[in-house]
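Since every read-out is calculated from the coordinates, none of them should be taken as a lab result. Treat the numbers as computed from the prediction; the structure is a model and nothing was measured. Quick reminder, even Gly has a Cβ in these numbers, built from the backbone with ideal geometry, and neighbours come from all protein chains shown.
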Amino acid sequence: DTEVTQTPKHLVMGMTNKKSLKCEQHMGHRAMYWYKQKAKKPPELMFVYSYEKLSINESVPSRFSPECPNSSLLNLHLHALQPEDSALYLCASSQETDTLSTGELFFGEGSRLTVL
Amino acid sequence: RKEVEQDPGPFNVPEGATVAFNCTYSNSASQSFFWYRQDCRKEPKLLMSVYSSGNEDGRFTAQLNRASQYISLLIRDSKLSDSATYLCVVNSGSARQLTFGSGTQLTVLP
């Protein structure tokens with residue numbers, strides 16, 4: 001079982017809706033990530049939080065808004081999405097961003113988003 | 001040229017076969033290297049790190065050739081449960097520089 005939990009597992013939303021994806025980890029990791037993955041493509045980095053501060057935003061459109069309420073939680077707020085935003089959204093954590101030499105990202109199972 | 005390139009496959013092999021995947025990377029400053037496995041409609045999971053001296057974990061052997069900038073993964077005695085997409089991941093030094101290859105799909109046939 002994954003130690004990073006994501007909710008909801010599936011989400012269908014219209015282009016005018018506001019929804020949120022949630023992610024939680026209790027491994028004491030200080031870095032948390034949002035990735036987007038389209039079918040048969042690798043994960044694409046969206047955001048990185050390090051010690052609860054946003055450290056990387058990979059030029060993601062403002063209709064995606066991340067939030068890190070505390071060291072265990074990571075949210076992704078969605079508003080006015082487009083159909084092309086339909087994808088699997090993966091949350092991940094690692095001990096710290098500076099120790100990525102270990103390469104171990106722990107991924108959640110993902111939230112599969114469909115935008116109608 | 002992509003930063004990390006993999007043969008997408010698919011590789012269809014019979015049970016018990018030996019199969020090898022290669023991955024090439026373009027950034028000579030890359031520091032660390034990994035293979036992840038992703039089952040269909042599931043999340044990626046770390047399979048193994050790749051060390052300069054080569055490393056083995058059971059039926060899996062990973063090798064790194066820094067001079068030629070490629071990484072390999074060898075799977076011996078393939079099992080049905082090895083069917084998955086294998087992602088090559090290269091770290092050039094920061095969270096932004098953790099680059100995923102597009103993956104190689106493996107299907108092990110009975």
Chain A: most fluctuating residue of A:Ser72, A:Ser62, A:Ser93 per GNM, C-alpha cutoff 10 Å: A:Ser62
Hits among aspartates and glutamates - C-alpha to C-alpha of A:Lys38 under 12 Å, sequence gap 8 or more where chains match: A:Glu84, A:Asp85
Simple label model, 7 Å out from Cα along Cβ direction - B:Ala20 to B:Ser52, nm: 2.2 nm
Quarter of Cα convex hull surface for chain B, i.e. mean projection, nm²: 6.7 nm²
Neighbour-count order for B:Asp7, B:Asp39, fewest beta carbons within 10 angstrom listed first: B:Asp39, B:Asp7
Per DSSP, loop chymotrypsin sites (Phe, Trp or Tyr not before Pro) in segment B:24-59 with at most 16 further Cβ within 10 Å: B:Tyr51
Reachable lysines from A:Lys53, criterion Cα separation under 23 angstrom, eight or more residues apart if same chain: A:Lys19, A:Lys22, A:Lys36
Segment B:47-96-segment A:14-80 distance, computed between alpha-carbon centres (Å): 28 Å
Net charge contributed by nearby residues that have their C-beta within less than 15 Å of B:Asp77 (K/R +1, D/E -1): -1
Average projected area [Cα convex hull, chain A], square nanometres: 6.9 nm²
Global geometry of the protein assembly as shown, whether rounded, prolate or oblate, following the gyration tensor of its Cα atoms and the 1.5 cut on a/c: prolate
